[in-house]
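Have a look at the structure below, then the notes.
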Amino acid sequence: MLIELEVLRKLPVAALADEERIGTIQEVVLDPDSGELVGFWVQPTGWFTARRALSSRDVVSYDTQAIVVQSEAVLLPPEEIQPFKSVVRRNERWVGKRVETESGQRLGHVSTLVIDTDLEILAKLHVSSLFGPERVLARTEIVRVTPAAIIVKNTFGTASAQLAPAAKEVAA
């Protein structure tokens, strides 16, 4: 299933074992190099509870209404999940990063992302610029990712890189 980043944020997290809501997604954590979905920052239910880390490996199912896990026990301190710990320490974000072609043409900045929850990886980038149209680039168009920019193939005008529709919808 393809889900936009904004939809994943603020989704409730439900536990199968307790059949109840155990928290809310605050932030999605993606590997800054590969785009792999590493996990989530979750705000557990209850007053004055510190946020916890949820590894994507512990997710039983994804839905546009909720993320389901086995139990509340999978919400851990971030230092207990190795890939999560190292990615969070780098503090690099996909949204807002500059996008340019291999030849150096600037296309704009990442405005949002689409995540493939079946493969648990970045599927598409929405790239917007101040004066140009918004573009949707498939993950396969990415050549490399640096701390400052995402470099994409020079073929951004082909079928794999489309102009985004006026309505924000995610095409499967």
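None of the figures in this text is laboratory data; all of them are computed from the coordinates on show. A quick note: this is a predicted structure, and the numbers were derived from the prediction, not measured. Here the Cβ is made from the backbone with ideal geometry for all residues, glycine too, and neighbour counts use every protein chain on show.
Side notes on the structure shown:
- Neighbourhood net charge (14 Å Cβ-Cβ; Lys/Arg +1, Asp/Glu -1) for Asp33: +3
- For the peptides 52-59, 13-20, the ranking by mean Cβ contacts within 10 Å, running from highest to lowest, is 52-59, 13-20.
- Residues whose placed amide H lies under 5 Å from that of Ile115, excluding near-sequence neighbours: Ile3, Glu4, Leu5, Ala123
- Rounded to 5, the percent of DSSP beta bridges in the chain classed as antiparallel: 85
- Subset of Lys85/Lys124; Lys10/Lys124; Lys97/Lys124 violating a 22 Å alpha-carbon distance limit: Lys85/Lys124
- Only Cα pairs under 8 Å and 6+ residues apart enter the sum, and on that basis the relative contact order of region 2-90 stands at 27 percent.
- Residue exposure sequence - Phe84, Phe131 - by fewest surrounding Cβ within 10 Å: Phe131, Phe84
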